[in-house]
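Each value in this text was obtained by applying a stated rule to the coordinates, not by laboratory testing. Nothing here was measured: the structure is a model prediction, and the numbers come from that model. A quick note on method: Cβ atoms are made from the backbone with ideal geometry, for glycine too, and the neighbour counts reach across all protein chains shown.
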Amino acid sequence: MRANRIISLKLSGRGAAIFCTSRSTKPSSSSSQQKSSPRAKAEKLKRRREREETILLNRNSSVDDKKVKLSDKEKIVYPICKPPGTKKDTSFPFPSSYSPEYVESSWYQWWEKEGFFSPDSSKVSESSTFSLCIPPPNVTGSLHLGHALTVAVEDALVRWRRMQGYRVLWVPGCDHAGIATQTVVERRLLNQEGKHRQDFTREEFLQELWKWKNQKGEEIYHQLRRLGASLDWSRACFTMDPGFSRAVTKAFVRLCDSGLIYRSEGLVNWSCALESSISDIEVDSKELPGQTMLSVPGYENKVEFGTIVTFAYPIEDGEVEVSTTRPETMLGDVAIAVHPNDPRYQGVHGKHCKHPFTNRLLPIITDSVVDMELGTGAVKVTPAHDHTDFLLSQRHSLPCLTVIAGDGTMMPPCGEWLKVLWFLSSLCPFFFSCLSRSGDIIEPLLKKQWFIQCDEMAKKAIQAVEDGQLEIIPHCFTKTWKNWLSNISDWCISRQLWWGHQIPAYQVELCNSTEKQEWVWGQSENEARHRAAVKYGVKLEDVTLTQDPDVLDTWFSSALFPFAMLGWPEKTTDLQRFYPNSILETGNDLIFFWVARMVMLGTELTRQLPFKQVVFHSLVRDEHGRKMSKSLGNVIDPLDVINGVTLEVGSLMTLEEGNFDPRERRVAMEAQRKNFPKGIPQCGTDALRFALCSHKMQGEDISLSISQVLSCRYFCNKIWHTLRYTLGTTPLSSMDRWICSRLYSTVLQCEKGFEAYELHTVTSALYSFWVHSLCDVYMEYVKPVLSQQDEEAVSVLYHCVSMSLVMLSPFMPFITEELWQRLQPFRPGPAAQTSLCLEQYPCSSKLVGLQPSIFLTITKAFFYQYIHCPTSEHLSLSDVLIPDPIHPRHSQRETQHLQLCYLQLFQLSVPLSLNHTTLLVSPLSFKPFLSFLLTLFCHTSHLTLSSTRSNLLAHVSSLLFHTLRCSGLLTLGTGSHYR
């Protein structure tokens, strides 16, 4: 039961102390922690230490050193200098090779200037809208690959909907990130100027914070532009903008008026380093196997954790021994607790023991929450500094004594108490709490704070999902959603910071009264003054107000983003057109921090769900499956992948900004040298986006390596040379049915993938069509007939290439725009849109005319294969159907050969047809032919056959055999038979 803790202490007046709250019992909230034994934890720490030593000794060769090779090719730069926003000149000679730097220049500035990202760029009906907000990144620093994944996924969906003709609004923004930003700026001021926050006035410190925001905010927006995000920049918002701040104030006042926000004294998670309360879900609970020396941020020497000490409290006829890792909190003890069934303490139930320093009498109480196996089985109760003890004190009506100040020092009344001697110490596996962002130790303290009642709002959020009003994708998170919201506690929303929205609540002091009254709130001080005057029946001039210096939790303002970005609480045009949002897409790690709170506050304040669907993507890890962390040296800036970077000027330099001890920094630097010994080659934006979207997002975490991104750059190079070849040919005279059928199949797969938010199936289909069908097969087929010129306007090759560029555009906006613009002078028929951004995305319903050609083309292919190659009995049914993607039993060479045989059908002088030609079929090929027809029927009808279908095949084969023979369409050869 007892939350065992340890402290490295300096008495008040001698310096600060660092405290650690931990639990010797395993918390019920973490099943994974319950399964971990002390020995397993010790082994894990040992293995981590060995990995660090391996990195430092450089024993293992680099994986990326083998896979990723820096290109020695000369970079090609766009040679024409024009004012930003001018359309790129694509009449310039086609470069001989693909260069991301050349392709990506100028396009984004032109897109933005022309307003292609505005919802008014597409002239569609008001009902066809698609709106969402970008998860606002913190202004604490630059974006990483996790942000790049979010941008790649959301921009693909946005561009797809825009090309479908929807009125699309995608709003950019940044979050002020109260704790993180203030921590970074305080650290920077301390390192550069040797000053603490307290050396500034609040206004002066806020000026330093705004300087940081302006610098980092512009850096983030620059990264988003380089990533090709088609955001409507005219609507960009920051959570501390005046308009957004008014929305935050309005929300607080309305929730106070409805009774959902209240002020009360409660036990909160307190950061002694920040001197601020912390939200429960921002606190990590970590387990140590026993005595451990840990580095604590802001503390020079390492702190000992995991030592449990035992001392005795005297009673009338003996003593009671208690165990704890926090002996200093004994000054706040108010009782001793034992288990009611513990035979060792049956005789002391209801008695009192004497505190050795204060002479207070402490009752000995019984409670089943006490762990009899831990320590002596008797624990001290300190309600003001432990969450479990606080609940116990409420059950037994015990007082709360605070002995630790907000800065982490012992309070003056404690005096010189360290003269006490405990007679036993031992090691104990335990849990301790720290701030997830900075690693600061968390101390539970009793504080008066502002809280939001969440139980009723949580019930509505659960009901919305159960009723189908809100869909969560993937559906496995529905259970997580319900479990967390069913056990939610009230949300502490006040923070003792300077950076953030100052709470619009005021303490009232009346004229001729020395006592301060209760709190009032208002959207302005004047409104709050009127409320106070009415409440206390006094004149306005008799009211003195003092605003609460605290600020609101960052997640409170972020929870308003879906509607505050549209102008709420004003009834703006944007709010009426685009709210509720169509979708929220974000990482699955934000389900509690952000998504649940958006749903709760959005429903309460607007009486509507803020969005209709929530789509979660997985987290990005490195190629070894490790979480990306600066301490591991595997954090990558997306711009380093786009532009390429050498080790000397790469992300290695960002380690200086991290909060590491010398050893951690050394390990991180060595890890970077090991992971990227030659730096990172230039891959380009299109390759990075395509690589990120090629992973299955709705499942396990994504393990991304630079070699995967580089392979997508090679794909870009394949696209580039395909277009160079296409523009060098003349239109072909015939519309090849086979490649059109493959194109139709690809369009169909893209539609299904986008609708299901399975972007990896879309990228896989596009890659397979372009590389395996278009380049490896069709391009090889048309080479021999290029000399046969025809004056027909439409080229199959042009049609396939141009449509493929349109389908690739949501993932690769730069190279597709570049190549599509170069295709336009050769475009047959009416002129296209100004930009590929506005081109109509291919729709299978408009290509339905191509579908029957699948039956005709493959039927011809089958007859050609079996008439001209009747001995090919080794070919299976799956061999006959043209694979999509390539059948796993075939090598790439075998598949290309088979498909080339099919394509030769179109060079036959006499066309084959089932309608008017009597066919001579080999007896041995007849049954496979019928099997082929059955599967082909199911394929064109979008049906699926099970693997065990012999009975069905036999029945259909017999039926077709007699039907075709009686009709005279089929003639069997001499001596043939059918079984």
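Which of the three applies to segment 525-632, rounded, prolate or oblate, going by the alpha-carbon gyration tensor with a ≥ b ≥ c and a/c under 1.5 meaning rounded?
Since a/c reaches 1.5 but b/c is at least a/b, the shape of segment 525-632 is classed as oblate.
Rg to Rh ratio, segment 663-722, alpha-carbon atoms and Kirkwood radius?
1.10
Based on the mean of other Cβ atoms within 10 Å per residue, sort peptides 208-214, 318-324, 85-91 so the most packed one is first.
Per-residue mean Cβ counts within 10 Å order the peptides as 318-324, 208-214, 85-91.
Mind checking the dipole of segment 181-269: about its Cα centre, +1 per Lys or Arg Cβ, -1 per Asp or Glu Cβ, Debye to the nearest 20?
240
Placing +1 on the Cβ of each Lys and Arg and -1 on the Cβ of each Asp and Glu in segment 159-313, which of 251, 207, 171 has its Cα farthest towards the positive end of the resulting dipole?
After comparing all options, I get 171.
Nearest 20 debye, what's the magnitude of the dipole of segment 571-645 about its Cα centre given +1 on Lys and Arg Cβ and -1 on Asp and Glu Cβ?
For segment 571-645, the charge dipole is close to 340 debye.
Using modelled backbone amide H atoms (1.01 Å from N, in-plane), which distant-in-sequence or interchain residues come within less than 5 Å of residue 308's amide H?
The answer is 426, 427, 428.
Can you tell me the Rg and Dmax of segment 307-428, counting just the alpha carbons, in angstroms?
According to the Cα coordinates of segment 307-428, Rg and Dmax are 13.8, 42 Å.
Please name which of 329, 409, 358 has its Cα lying farthest along the dipole of segment 307-428 towards the positive end, using unit charges on Cβ (Lys, Arg +1; Asp, Glu -1) and the Cα centre as origin.
Most positive-ward Cα: 358.
By per-residue mean of other Cβ atoms within 10 Å, what is the highest-first order of 253-259, 266-272?
Ranking, from highest mean packing down: 266-272, 253-259.
Excluding residue 454 itself, calculate the net charge of residues whose Cβ lies under 14 Å from the Cβ of residue 454, where each Lys or Arg counts +1 and each Asp or Glu counts -1.
-3
Given 216/678; 211/250; 696/752; 482/612, which pairs have Cα atoms separated by over 21 Å?
Over 21 Å Cα-Cα: 216/678; 211/250.
Hey, what D do you get for segment 448-583 in µm²/s if you plug the Kirkwood alpha-carbon radius into Stokes-Einstein at 10 °C and 1.306 mPa s?
88
Within the set of other residues whose C-beta is less than 14 Å from the C-beta of residue 757, count the net charge using Lys and Arg as +1 and Asp and Glu as -1.
-3
When a/c is below 1.5 the answer is rounded, else prolate if a/b is larger than b/c, else oblate, so apply that to segment 242-346 with a ≥ b ≥ c taken from the square roots of the Cα gyration tensor eigenvalues.
oblate
Give me the net charge of residue 834's neighbourhood, meaning all other residues with Cβ under 9 Å from the Cβ of residue 834; Lys, Arg count +1, Asp, Glu -1.
Neighbour charge sum, excluding residue 834 itself: 0.
Sort 455-464, 759-768 for me by packing, meaning the mean count of neighbouring Cβ atoms within 10 Å per residue, highest on top.
In descending order of packing, they fall as 759-768, 455-464.
Compute, for segment 307-428, the length of the dipole vector about the Cα centre, with Cβ point charges of +1 (Lys, Arg) and -1 (Asp, Glu) only. Units Debye, rounded to 20.
200
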